[in-house]
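Attaching a single structure in structure tokens format; questions to follow.
Any read-out appearing in this document is the output of simple, stated calculations on the displayed coordinates, not a laboratory observation. The structure presented is a predicted model; accordingly, all values stated were derived computationally and were not measured. Here the Cβ positions follow ideal geometry from the backbone for every residue, glycine too, while neighbour counts run over all protein chains shown.
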Amino acid sequence: MEGGFHLGAEPDQIAANVSELAAHGVAYITVAHLFWRGMATNAPAIPFLPDWLYRLVFPQPKTGLSELGTALVDAMVRNHVLVDITHMSEPSLTDTFALLDERDPAHRDVTVIATHMACRLGKYAYSLSDASIRAVAERGGVLGVIDCQHFLQDRRGGRPQDDSATDSLELICAQIDHIAEVTGSFDHAAIGTDLDGYIKPALVGFEHSGKLAELERGLIAHYGAEHAAKVCSENALRVLRRTFAARSGGAG
């Protein structure tokens, strides 16, 4: 589910709705989404708007999580719903990780994910800092590299895309390599296509879900079968299995 603002205008409503969604099998909730809607402040995430113009057109409070956002994250923790930090501003990220450190200081129970992200190899605020990447990994989470030209081309020293699938694969691998470098392993990188079916402009050669098999073959050729399998499915499946096991009272 993307956008916690759907879940109620009062903490009690949010708590009841998250409990019901968890009972129906909802795996994760993306707390923030695109604009300020009373839950958490957002990072700019509209490709045709530069960050400075987004902030001008869509003003937000100088805060992170609101009272309702805090209630939402608390409800997700209680019901073993994965916390998706995608779209969060830096203040929201700071507030969320601080809250989770209070609820689960040993980093054993609450898993955090970023379903469609980029590493901050350039200037865009949407992309996650190394500190946030490490925080996700410390909680056993995964980071889904977004299939989007806008964010993946924003890297220091990078060159413009040459409109080929080979170059697109290079951009994806640069993100995966950075996640592996920051976290020390290939256990936390995944592929994030965005929830509504590919943010535009998508990477050339990987424009729709029918191209994912080609992406998998490219990753196998680049990394070998073991690392590619982690990125394509195993890391995400590990997190999902752990979450549903915890929800049902299993060992994880």
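Based on a Kirkwood Rh over C-alpha pairs, give the Stokes-Einstein translational diffusion coefficient of the range 98-146 at 25 °C and viscosity 0.890 mPa s in µm²/s.
Rounded to a whole number, D works out at 216 µm²/s.
Net charge near Ser92, counting Lys/Arg +1 and Asp/Glu -1 over other residues with Cβ under 14 Å of its Cβ?
Net of charged neighbours comes to -2.
Using a Förster radius of 22 Å, what is the FRET efficiency between Ala245 and Asp101 based on their Cβ-Cβ separation? Nearest 0.05, please. Numbers along the way, then the final one.
Details: r = 23 Å, r/R0 = 1.04.
Efficiency computed from Cβ-Cβ geometry: 0.45.
Can I ask one more? Could you tell me the convex hull volume per residue, in Å³, taken over the Cα atoms of the range 143-252? Kindly include the intermediate steps, with their values, before the conclusion.
Numbers: hull volume 12.5 nm³, N = 110.
Value for the range 143-252: 114 Å³ per residue.
According to the Cα gyration tensor, what semi-axes, each the square root of 5 times an eigenvalue, does the equivalent ellipsoid of the range 1-110 have, listed from largest to smallest in whole Å?
24, 15, 12
Further question: Going from the alpha-carbon gyration tensor of the chain, what semi-axes, largest first and in whole Å, does one get by taking the root of 5 times each eigenvalue? If you can, show how the numbers build up before the last one.
Details: eigenvalues 162, 99, 48 Å².
Working through the eigenvalues yields semi-axes of 28, 22, 16 Å.
Also: Kindly state, to the nearest 0.05, the FRET efficiency for Thr94 paired with Lys123, given R0 = 22 Å and r defined as their beta-carbon distance. Walk me through the intermediate numbers first.
Working: r = 20 Å, r/R0 = 0.89.
The pair Thr94/Lys123 has a calculated efficiency of 0.65.
Once the dipole of the range 143-252 is set up with Lys and Arg at +1 and Asp and Glu at -1 on Cβ about the Cα centre, which of His150, Tyr223, Ala246 lies farthest towards its positive end?
So the residue we want is Ala246.
For the chain, modelled as a GNM with alpha-carbon contacts under 10 angstrom, which of Val239, Val73, Val182 fluctuates the most?
Val182
Would you mind calculating the relative contact order of the range 110-153 from Cα pairs under 8 angstrom and at least 6 residues apart, reporting the percent as a whole number?
Contact order relative to length: 48 percent.
Can you tally the lysine pairs in the chain where the Cα-Cα distance is under 27 Å and the two residues are eight or more apart, or on different chains?
For the chain, the number of qualifying lysine pairs is 5.
For the chain, what is the mean residue ellipticity at 222 nm derived from helices alone (per DSSP H run of n ≥ 4: -39500 (n - 2.57); sum divided by total residues; nearest 500 deg cm²/dmol)?
Mean residue ellipticity, 222 nm, calculated: -13000 deg cm²/dmol.
Loop-only check: which trypsin sites (Lys or Arg not before Pro) in the range 79-164 are DSSP coil with at most 15 other Cβ within 10 angstrom?
On the way: sites: Arg103, Arg108, Arg120, Lys123, Arg134, Arg139, Arg155, Arg156; in loops: Arg108, Arg120, Lys123, Arg139, Arg155, Arg156.
Of the trypsin sites (Lys or Arg not before Pro), the ones in loops of the range 79-164 whose Cβ has at most 15 other Cβ atoms within 10 Å are Arg108, Lys123, Arg156.
So, one more: If I take R0 = 22 Å and measure r between the Cβ atoms of Ser19 and Arg108 in this structure, what FRET efficiency does the formula 1/(1 + (r/R0)^6) give, to the nearest 0.05?
Here the calculated transfer efficiency is 0.50.
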